[in-house]
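Here the structure is laid out as structure tokens; the discussion comes afterwards.
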Amino acid sequence: MKLKEFEAKELFQRVDIPISNGLLIKNVNDIPPFHDARLLKVQTLAGGRGKAGGVCLVRGADEARKLASRFLHSLFMDEQITELLLDEKVEIAKELYLGILFDTSKRLPVFIYSEAGGADIEELKRRDPSKIKLGEIIYHHGLVEDDCSFLLKDSSLPPSVQQQVKDVMKKLYTCFTRFDCKMLEINPLVVTTENNVVAVDAVAVLDDDARFRWEIPFVERTNNRPVTKREAAAHLIDKDDYRGVAGKTFVDLDGDIAILTSGGGASMTLLDALVDYGGKPANFTEYGGNPPMEKVEKLTRVVLDREHLSGLLVAGVIANFTNIAETLKGVLNILIEQKPAFPIVIRRAGPHDDEARVMLMAAKEKYGLDIHYYDEKISLTQAAKIMVDLSRQYKDRLNKKPQEKPTKEKKKRGKQ
Amino acid sequence: MAILINEKTRFLIQGITGKQGEQACQEMLTAGSIVVAGVTPGKGGQEVLAVPVYNTIKEAQQKHTFDCSVIFVPPRVAKSAIVEAMEAGIPLINVVTENIPVHDMAYCFSLAKEKKVIIIGATSAGIFSVGKAKCGPIGSGKAKIAFTPGPIGVISRSGGMSCETSLVLSQAGLGQSTVVSIGSDVLMGAAFAELVPLFEKDKETKGIVLFGEIGGTSEEDLAAYLTKRKEQGKPFSKPIVAFISGKFASNMPGVSLGHAGAIIEGNKGTRENKVKVLREAGVVVAEIHHDVARLIKERIISKK
């Protein structure tokens, strides 16, 4: 999970990394009287806010309040802004870059250090990679003195400043391990005109799998926007019940075909095919690892909580452990409760799939649900095509009879 | 032959008394695997399907020897279980547990490198040397029908798709030598680049099929390995066919890793880049998943 600047700086504070003096502003009235020059910084999850005009120089409280009322609770780079940081204007002599993240190829944390910091660091990598130092850390040894010396080998900074930078490196590594960070970045790490080293900006990405030991319970969000209601509801399903996985990943999408998949790789392969055939998914989510029926019920409810759906696709690879009858019963219970008129395509095989077939066919008959069930004889991609075709036919029927309510539609097809 | 595990491999199951561990134990025994013992702290002295359970690996080693440990313990204690197996000198560790914190795995990988231990996973569905032995949940229950013995080595970043890929191959009359589910975590154990050399040495394997995904760098690492082999004048000797999923997911809003991610990975991780570098390195990339069967078949036949 990615943090905003002020949250990342909260981590920095706990490990004593020197940061610029800032005040969190959630409301225009939070701005105290002042007369000097300060920076008003929009708190976003996306990068590049400086270039987009999200960091403004303000002289005095009046100017700050005027600007704050414009930013707060409005959209900036597609994000709803709820916080600003009123930050000290540090006198910059030099901008450094310091970051740490995992190198997936070497499976080790890597420090990135450059004495040409600032907004164009990526550009610098193309132009003059020699100005960027990379230092691998042997994880089970931890950060050692030699690692820091290596990064500072060609430094042009005065020794006292180098010592401060080294100190920040050590503290940043402590921060990295103690808070289970996947990535940390200070850009810029400023050397002030008085030769002090200060973190002026901060980026942090935390490991969600380590949530159980996070020291600070940060509010959950997905991607570069706050979580939607459906996403929050889906994530909640998984939170307090460790049996199987359901809803841990949930992304709201624009389409009209509701999706319940099983197995990450299968889900992606399935969506690739669905879109190739012209279908539009309404969401992306998964369940697996033999979750109990109640978890699947809850997830189904979230998945179907959307207007104008034209189909539900429940698909996954042949299950090893997942009880197909029990998990599909969870889906079916909600279908019986809501009695949707749209087609439902199910491609699932595995333990107890014969039972599942009997159960689904009985429900199709009894409740008039438009269920199409397949096992492993139909491939995932074929199931995706069947879903797209049926959904298209369903929409065609609706468009032909716009005056009719979907409930009538449902009764008609119940007789099939 | 096969890679990693075979009918002689002596397995230890850590977390054998849990629901998943016990289920896998049963399936492993059915598949012909030699499950020597299990470990669950505090449950020493019990038996699971006639397999003796010990409190620690050390205790178990007084009576037994192990070639491979399979990890089923919960994510919060997985690190200590993996470290225990490494300290005990077990050369191959298959981590089935999901959701292990990345820092815990980073510690394990760094120690594994020093101790020359092979870790497969985490989030692995297991390893299946078809007709010989298997570990982990792979190919359990009905999923067995997907796997048939034969000449294709399969490596998959998705557990489910290791089964689906084998199913597609089996339906085309191509069995599998060994199927390895390597997981798809941020940090992965032995992946494509580390495993294809093993398949190259395996006489039974005639071709290799991969299931890759967006994110990470394991496809790029493989491409770099194959290119290096070419430059050394020892080009890789067996055909490789891959499918990379995530065409659609690439367009979904994703977490940006900011500058640091871009500096280390550049444009690595995207499907576009993976397909490009794999093709340049001589790998055949399928556009539709079920096409992998036809593509590898053509190449095996033309080799004969």
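No value in this document is a laboratory result; all are computed from the given coordinates. What you see is a predicted model; the values in this text were computed from it and never measured. Virtual Cβ from ideal backbone geometry, glycine too; neighbours counted across all protein chains shown.
Around A:Ile19, which amide H atoms from residues at least 5 apart in sequence, or from another chain, sit under 5 Å from its own amide H, with H modelled in the peptide plane?
A:Ala199
Cα atoms only, the stretch A:50-110: Rg and Dmax in Å?
Computed over the Cα atoms of the stretch A:50-110, radius of gyration and Dmax are 17.2, 52 Å.
Through the Karplus equation 6.51 cos²θ - 1.76 cosθ + 1.60, θ set to phi - 60°, convert the phi angles of the stretch B:106-119 into ³J(HN,Hα) values in whole Hz; use x for Gly and Pro.
With coefficients 6.51, -1.76 and 1.60, one gets 4, 4, 5, 5, 5, 6, 4, 5, 5, 8, 6, 9, 8, 10 Hz.
Take chain B, mark every one of the GluC sites (Glu not before Pro) that falls in a DSSP loop and has at most 13 other Cβ within 10 Å, then report the longest stretch left between them, sites excluded.
Result, exposed sites excluded: B:8-286.
Take the alpha carbon atoms of the stretch A:227-263, find their center, do the same for the stretch A:164-217, and report the distance between the two centers in whole angstrom.
31 Å
Name the most mobile residue of A:Pro343, A:Pro291, A:Pro217, meaning the one with the largest mean-square fluctuation, in a Gaussian network model of chain A with Cα contacts below 10 Å.
Judging by the Gaussian network model, the answer is A:Pro217.
log₁₀ I(q)/I(0) of the protein assembly as shown at q = 0.07 Å⁻¹, via Debye over equal Cα point scatterers, no solvent, to two decimals?
Per q value, in the given order, log10 I(q)/I(0) is -0.53.
Place +1 on the Cβ of every Lys and Arg and -1 on the Cβ of every Asp and Glu in the protein assembly as shown, take the dipole about the Cα centre, and give the residue among A:Ser379, A:Ala8, B:Gly121 whose Cα lies farthest towards its positive end.
Of the candidates, A:Ser379 comes out farthest on the positive side.
Go through the stretch B:42-50 residue by residue and turn each phi into a ³J(HN,Hα) via Karplus (6.51, -1.76, 1.60, θ = phi - 60°); whole Hz please, and just put x for glycine and proline.
x, 10, x, x, 6, 10, 10, 6, 6
Per the helix-only calculation at 222 nm, which mean residue ellipticity applies to the protein assembly as shown, given -39500 (n - 2.57) for every DSSP H run of n ≥ 4 and division by its residues, nearest 500 deg cm²/dmol?
Helix-only estimate at 222 nm: -11500 deg cm²/dmol.
Give me the dipole magnitude in Debye, nearest 20, for chain A about the Cα centre, with unit charges on the beta carbon: positive for Lys and Arg, negative for Asp and Glu.
So the dipole magnitude of chain A works out to roughly 1920 debye.
May I ask for the net charge around A:Ser69, where only other residues with Cβ less than 12 Å from the Cβ of A:Ser69 are counted and Lys, Arg are +1 while Asp, Glu are -1?
Numbers: positive: A:Arg65, A:Lys66, A:Arg70; negative: A:Asp30, A:Asp62, A:Glu63.
Local net charge: 0.
Looking at the P(r) of the stretch A:21-88, how many percent of alpha-carbon pairs lie beyond 20 Å?
That tail contains 18 percent of the Cα-Cα pairs.
Sum up the charges of everything whose Cβ sits under 15 Å from the Cβ of A:Lys166, counting Lys and Arg as +1 and Asp and Glu as -1, but leave A:Lys166 out.
Value of the local net charge: -3.
Let me see the P(r) profile for chain A: every Cα-Cα distance counted, bins of 10 Å, each bin given as a percent of all pairs.
4, 18, 22, 18, 16, 13, 6, 1, 0
Taking every DSSP beta bridge with both residues inside the protein assembly as shown, roughly what % is antiparallel (nearest 5)?
If I count the DSSP bridges inside the protein assembly as shown, around 55 percent turn out antiparallel.
Among the listed pairs A:Lys298/A:Lys401; A:Lys298/B:Lys274; A:Lys106/B:Lys230; B:Lys203/B:Lys247; A:Lys248/B:Lys274; A:Lys51/A:Lys89, which are separated by more than 25 Å between their Cα atoms?
Values: A:Lys298/A:Lys401 33 Å; A:Lys298/B:Lys274 37 Å; A:Lys106/B:Lys230 22 Å; B:Lys203/B:Lys247 35 Å; A:Lys248/B:Lys274 27 Å; A:Lys51/A:Lys89 18 Å.
Over 25 Å Cα-Cα: A:Lys298/A:Lys401; A:Lys298/B:Lys274; B:Lys203/B:Lys247; A:Lys248/B:Lys274.
Give me the tail of P(r) for chain B as a percent: Cα-Cα pairs with distance above 32 Å.
On the way: 11800 of 46056 pairs.
That fraction is 26 percent.
Which one, A:Leu85, A:Leu189, A:Tyr287, projects farthest toward the positive side of the charge dipole computed for chain A from Cβ point charges (K/R +1, D/E -1)?
The residue sitting most towards the positive pole is A:Tyr287.
Using alpha carbons only, what's the Rg to Rh ratio of the stretch A:92-213 with Rh from Kirkwood?
0.96
For the stretch B:70-156, take N as its residue count and report Rg(C-alpha) divided by 2.2 N^0.38 Å.
Output field value: 1.17.
Based on DSSP H assignment, which helices of chain A show an axial Cα extent of at least 30 Å together with a mean Kyte-Doolittle hydropathy greater than or equal to -1.0?
Values: long enough: A:380-400 (31 Å, -0.73).
Qualifying helices, which must be both long enough and hydrophobic enough, are A:380-400.
How big is the equivalent ellipsoid of the stretch A:229-414 along its three axes, where each semi-axis is √(5λ) from the Cα gyration tensor, reported in whole Å from largest to smallest?
Working: eigenvalues 112, 63, 56 Å².
Those come to 24, 18, 17 Å.
Restrict the search to the stretch A:259-335; then list the trypsin sites (Lys or Arg not before Pro) that DSSP places in a loop and that have at most 15 other Cβ atoms within 10 Å of their Cβ.
Taking the stretch A:259-335 and a limit of 15 other Cβ atoms within 10 Å, the loop trypsin sites (Lys or Arg not before Pro) found are A:Arg306.
I'd like the Karplus ³J(HN,Hα) series for the stretch A:34-40: coefficients 6.51, -1.76, 1.60, θ = phi - 60°, whole numbers in Hz, and an x wherever there's a Gly or Pro.
Using θ = phi - 60°, the values come out as 7, 10, 7, 8, 9, 10, 9 Hz.
Hey, got a sec? Which trypsin sites (Lys or Arg not before Pro) in the stretch A:5-65 land in a DSSP loop and have at most 11 other Cβ atoms within 10 Å?
Of the trypsin sites (Lys or Arg not before Pro), the ones in loops of the stretch A:5-65 whose Cβ has at most 11 other Cβ atoms within 10 Å are A:Lys51.
Need one number: % antiparallel among DSSP beta bridges in chain A, to the nearest 5.
75 percent
Roughly what % antiparallel, to the nearest 5, for the DSSP beta bridges in chain B?
20 percent
What residues have an amide H closer than 5 Å to that of B:Glu213, excluding those fewer than 5 places away on the same chain, when H is modeled at 1.01 Å from N in the peptide plane?
Distant-sequence amide H within range of B:Glu213: B:Ser245.
Compute the Rg to Rh ratio over the stretch B:114-241 from the alpha carbon atoms, using the Kirkwood formula for Rh, and round to two decimal places.
Reported Rg/Rh, Kirkwood definition of Rh: 0.96.
Scan around A:Arg347 for amide H atoms under 5 Å from its own, H built in the peptide plane at 1.01 Å from N, and keep only partners 5 or more places away or cross-chain.
A:Val314, A:Ala315, A:Gly316, A:Tyr374
Between A:Asp254 and A:Glu88, what length in nm is gained on full extension when 0.36 nm per residue of separation is reduced by their alpha carbon distance?
Numbers: separation 166, 0.36 × 166 = 59.76 nm, distance 4.16 nm.
Extra length available between A:Asp254 and A:Glu88 comes to 55.6 nm.
What's the magnitude of the charge dipole for the stretch A:21-88 around its Cα centre, counting Lys and Arg as +1 and Asp and Glu as -1 at the beta-carbon? Answer in Debye, nearest 20.
Roughly 140 debye for the stretch A:21-88.
Which GluC sites (Glu not before Pro) from the stretch A:75-164 combine a DSSP loop assignment with at most 14 other Cβ atoms within 10 Å? Write out the running numbers ahead of the final one.
Values: sites: A:Glu79, A:Glu83, A:Glu88, A:Glu91, A:Glu95, A:Glu115, A:Glu122, A:Glu123, A:Glu136, A:Glu145; in loops: A:Glu83, A:Glu91, A:Glu115.
For GluC sites (Glu not before Pro) across the stretch A:75-164 that sit outside H, G, I, E and B with at most 14 neighbouring Cβ atoms in 10 Å, the list reads A:Glu91.
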